[in-house]
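Chemist: I'd like to ask some things about the structure below.
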C-alpha cells in the first residue's frame, strides 16, 4: 500500500518539475535546464525524509515556491534553482559552502541570504519581530532576488496554512499584511501583493473575509452580465478603429473592498467600483501612448467619465514601474466602473514587476525605478541607528502605495510619497540642499517647511550656508531619506555636546561626593526619565539639567539606605492584603474580561484608539509602562502590534455581559423628515437597557446629520438598537464612531 502511494507521490513530484520548466517566463537555455535539474535533484535528496504538517512530502513546497518565482515573478534559472534550494541549508546538513562548490558562489550567496532570514525568525521572545524585519530588509543590500524569492516562499506558506494553530495563523497573516504585501507592492508585484492581502485578511478577520467572498459569489453572475454589456458596446467601436486588443473583467480584491468599507464606513453594497474592465492592446513602443488615448476617446464616447478620477500613469509612470491609463466612467444602471487601459508590455510589467521591466529595457543604460529605489534604500540602511520598530515604520513609509508628482523650478518631474512636505522635496534633490534649506516656495508663494505638497506643485528651495537642521525638522518630514539625514546631522552635534556634558557632569558630581560610574549613570537616566546615557550627557551639556536637580538626586541616593532599613523595621502587611488593596473594585461578576487559556482575571485598560465594549472581539497587549491594554481585533493598530510584538499579544474575551455599562457614539445621516428627532429618541428609548447621554442633530439643505451618545451594557444591545434606527423612515446610514 505504502509502495503504491510512494510511487504515486514520485510521479506527482516529477509532474510538478515538468510543469516548473513549462511555465517559466524566461526562455531557458540547455545550460539553465541543467542547473535547475541539478538543484531539483539536490533538494529532493536533502528533503527526502521530511513531511509538511499537512502530511505531504516536503519537496512540494520548494517546487511550489520555484513555480511562483518562475511564472509570477518571472525570474531566471539562478533564482529558480535558489528557490528549489531555499530550505536546504536550514533544514539539512548541507552548508552554504557545499552549495558554492556544487553550483556557483552567486547561487550560494542568494541561498545564504534566504537562510539568514529563516534562522532569524525563531527567537521571537528575545528580539522583536521588527528586528527580524530589519535584518531581512538589510539583505536587500546584497541581492534583491533574496527578497523576491522570500515573497514567493511567504505566498506559498500563506496558501497552505490550514493545518496550523489559529494563533500562528494570525501572527503570520499579520506579518504578511504589515511588511510582505507592501514590499510586493513596492517591487511592482501586484498579483502577489493582492494574493497576500486577501490571504492575510482571511486569517486576521475570517468573518469579514467570508462575508465578502459569499457576497461576491452571490453577485458574480449579475456582475459578469454587467461587464459583458459594457464590453459588447466597446468591442464594436474598437474593432471599427482597427485596435488589436483583449478585454478582461477584473473584480476588485477582497482586501481592497474591505479597506474601502472601513475607510468610507460603507456596506458592501455601497462600494461602487467593485469591478473593473481591463483593455490590453497590441502596440509597438512608438505608438503605445497614441493608442492608449485613442482607446480613452472611444470609451468616453460611450460612457461619461469622472474628471476627478482620471489617472495617467503612462505620461508619468509610478515609481514601481507601473504604467496604465485608469478611467472611471458612469456605466449602465448609474454605476461607476473603472476601465484600465494598458499595452501588452505595460500589462506584463504590471503583473511581473521588474523582471518584465528589465526584459523590455533592451540593454538601455538609464537607471530603472528599482535601481533608483535600491540606491535610496542603501543610503537609508547605511545610516540606520534608530531602534528596530522605528526603522521598520520608516521603511514602510518608503513602501508608499500612493505618490504625487511635483516639479522643480526648471520643470523636471519628481515623484514623492503622498503626504511629503516641501522639506522632503529639498532632501530628495540632494541631502546637502536639504541640510541648508532656509525656506521653500511652492507655486511662487513662500510656505512653511512642513507644507504638504500636492501633485502638480512646483517647488523652489532657498538655501543658506549658515542654516543647520533643528530637532523640530524631524516633525516636518515624512520620508525616511530626509529623517535619516537630519538624524545624522543632529547626532553629530549631539555627540559633541554630549562629550562636553559628560566632563561637566563628572565635575559637578565630584562636588556632591559622587563618582561617575555605570551604576550612577543608569540611576541618573532613570531619575530624569530619559532613554540613554547620551540623552543625559546632552542635557547636562546644554544646561537643561540644573545643579539643584543633581542635588535632589544626591539627596535621594543617600536616603535610599535609610528608607531601606525603615521599611525592614516596619511590619509589612500580608501578601493577601496587598493584593486586595491593588485589585480594582469589581461591582459585579458581569462584563469581565478574561485573559489566556486559563481565563485569568487581570488588571487592564481599554485602549482609546478603538474603544472596545463587551461583546467586541478583543485581544490584550502587554505594554511596557501601562500594563495590559485591550484592543478590538479590527483596531487600526492591530496588524502592526501583532506583527511587531507577537509575543506581547494575549488572547482575551468578555464573559457574561449584562450589568456593566459602556458609552458608544452613533452617527446617523439621512433625509430631513418631519418629526425625525422624536422618532429617533422614541426608538432608542424603546430599547431596554439603553440610556441616551446626549443627542445632537443638524440639517443642511434637506440632509440631516445626527450624533447620539448612548450608555449600553454590551455589543448585542447596541447592534439591535442600530438595526432599529436603520428602519426609521428617512434614515440612510447608521455607524458607530471610534476615536482615532
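Chemist: Among the residues of region 214-224, is there at least one that is closer than 26 Å to residue 301 by Cβ and surrounded by 12 or more Cβ atoms within 10 Å (Cβ to Cβ)?
Modeler: Yes, region 214-224 has at least one match.
Chemist: Still on this structure, I have one more. Suppose we filter 36, 23 for residues that are within 17 Å of residue 62 (Cα to Cα), at pLDDT below 85 and in the same structural domain as residue 99 (by TED's automatic domain parsing); which single one remains?
Modeler: After ruling out the rest, the residue left standing is 23.
Chemist: While we're on this one: Residue 675 versus (1) more than 26 Å from residue 637 (Cα to Cα); (2) modelled with pLDDT of 75 or more: which is the lone unmet condition?
Modeler: Checking residue 675 against (1) more than 26 Å from residue 637 (Cα to Cα); (2) modelled with pLDDT of 75 or more, the one that fails is (2).
Chemist: Name the residues in region 638-657 that are at negative phi, at pLDDT below 85 and not in a helix (DSSP H, G or I), would you?
Modeler: Within region 638-657, 645, 653, 654, 655, 657 qualify.
Chemist: Can you say whether residue 459 is surrounded by fewer than 19 Cβ atoms within 10 Å (Cβ to Cβ), in contact with a helix residue (DSSP H, G or I) (Cβ under 8 Å, 6 or more places away or on another chain) and under 28 Å from residue 320 (Cβ atoms), as far as the supplied structure shows?
Modeler: Spelling it out, it is not the case that residue 459 is surrounded by fewer than 19 Cβ atoms within 10 Å (Cβ to Cβ), in contact with a helix residue (DSSP H, G or I) (Cβ under 8 Å, 6 or more places away or on another chain) and under 28 Å from residue 320 (Cβ atoms).
Chemist: Here's something else I'd like to know. For region 18-31, which positions are part of a helix (DSSP H, G or I) and under 12 Å from residue 70 (Cα atoms)?
Modeler: Scanning region 18-31 gives 19, 20, 21, 22.
Chemist: When you look at residue 234, is it crowded, with 20+ Cβ neighbours inside 10 Å, in the same structural domain as residue 351 (by TED's automatic domain parsing), part of a helix (DSSP H, G or I) and touching a residue at least 24 places away in the same chain (Cβ under 8 Å), yes or no?
Modeler: Answer is yes for this residue.
Chemist: Considering each residue of region 536-566, count those that are modelled with pLDDT of 80 or more and part of a helix (DSSP H, G or I), and give that number.
Modeler: 16
Chemist: Return yes or no: is residue 64 surrounded by 21 or more Cβ atoms within 10 Å (Cβ to Cβ) and assigned to a helix (DSSP H, G or I)?
Modeler: Judged against the criteria, residue 64 is not a match.
Chemist: On the given criteria, is residue 237 more than 29 Å from residue 642 (Cα to Cα) and touching a strand residue (DSSP E or B) at 6+ places or on another chain (Cβ under 6 Å)?
Modeler: Here the answer is no, as residue 237 does not meet what is asked.
Chemist: Going through region 242-260 one residue at a time, which ones are assigned to a helix (DSSP H, G or I) and without any contact (Cβ under 8 Å) to a residue 40 or more places away in the chain?
Modeler: Across region 242-260, the qualifying residues are 259, 260.
Chemist: Here is a further query. If you go through region 390-406 one residue at a time, do you hit one that is more than 30 Å from residue 26 (Cβ to Cβ), surrounded by 15 or more Cβ atoms within 10 Å (Cβ to Cβ) and at pLDDT 85 or above?
Modeler: Yes, region 390-406 contains a residue that is more than 30 Å from residue 26 (Cβ to Cβ), surrounded by 15 or more Cβ atoms within 10 Å (Cβ to Cβ) and at pLDDT 85 or above.
Chemist: Let me ask something else about it. Say we look at region 335-365 and pick out the residues that are modelled with pLDDT of 80 or more and part of a helix (DSSP H, G or I); which of these is surrounded by the fewest Cβ atoms within 10 Å (Cβ to Cβ)?
Modeler: Once the filter is applied, the top-ranked residue is 344.
Chemist: Run down 634, 603 and say which single residue is in contact with a helix residue (DSSP H, G or I) (Cβ under 9 Å, 6 or more places away or on another chain), more than 22 Å from residue 258 (Cβ to Cβ) and touching a residue at least 12 places away in the same chain (Cβ under 8 Å).
Modeler: On inspection, the qualifying residue turns out to be 603.
Yes/no matrix, rows are residues, columns are (1) surrounded by 13 or more Cβ atoms within 10 Å (Cβ to Cβ); (2) over 26 Å from residue 264 (Cβ atoms):
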position: 665; (1), (2): yes, no
position: 669; (1), (2): yes, no
position: 672; (1), (2): yes, no
position: 678; (1), (2): no, yes
position: 681; (1), (2): yes, yes
position: 703; (1), (2): no, no
position: 706; (1), (2): yes, no
position: 711; (1), (2): yes, yes
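Chemist: Looking for whichever is at pLDDT 85 or above and within 23 Å of residue 622 (Cβ to Cβ) here; the options are 127, 174. Which one fits?
Modeler: Of 127, 174, the one residue that is at pLDDT 85 or above and within 23 Å of residue 622 (Cβ to Cβ) is 174.
Chemist: Does any residue of region 465-476 turn out to be in contact (Cβ under 8 Å) with a residue 12 or more places away in the chain, loosely packed, with under 13 Cβ neighbours inside 10 Å, assigned to a helix (DSSP H, G or I) and out of contact with any strand residue (DSSP E or B) (no Cβ under 9 Å at 6 or more places or on another chain)?
Modeler: Yes, because at least one residue in region 465-476 is in contact (Cβ under 8 Å) with a residue 12 or more places away in the chain, loosely packed, with under 13 Cβ neighbours inside 10 Å, assigned to a helix (DSSP H, G or I) and out of contact with any strand residue (DSSP E or B) (no Cβ under 9 Å at 6 or more places or on another chain).
Chemist: Taking the stated definitions as given, is residue 499 touching a helix residue (DSSP H, G or I) at 6+ places or on another chain (Cβ under 9 Å) and either under 30 Å from residue 313 (Cβ atoms) or in a helix (DSSP H, G or I) (or both)?
Modeler: In short, yes.
Chemist: Within region 424-431, identify whether any single residue is farther than 15 Å from residue 485 by Cα, outside the structural domain of residue 309 (by TED's automatic domain parsing) and in contact (Cβ under 8 Å) with a residue 12 or more places away in the chain, and answer yes or no.
Modeler: Among the residues of region 424-431, not one is farther than 15 Å from residue 485 by Cα, outside the structural domain of residue 309 (by TED's automatic domain parsing) and in contact (Cβ under 8 Å) with a residue 12 or more places away in the chain, which makes the answer no.
Chemist: Among the residues of region 148-167, are any modelled with pLDDT under 85, under 17 Å from the mean Cα position of the chain (by Cα) and assigned by TED's automatic domain parsing to the domain that holds residue 90?
Modeler: No, that holds for no residue.
Chemist: Go through region 720-732 residue by residue and tally those that are out of contact with any helix residue (DSSP H, G or I) (no Cβ under 8 Å at 6 or more places or on another chain) and surrounded by 13 or more Cβ atoms within 10 Å (Cβ to Cβ).
Modeler: Going through region 720-732 one residue at a time, the tally reaches 3.
The values are calculated or read from the model by the stated rules, or taken from the named source; none is laboratory data. Note that the structure is predicted; figures quoted are calculated from it, not measured. Positions of Cβ are backbone-derived with ideal geometry, glycine not excepted, and every protein chain shown enters the neighbour counts.
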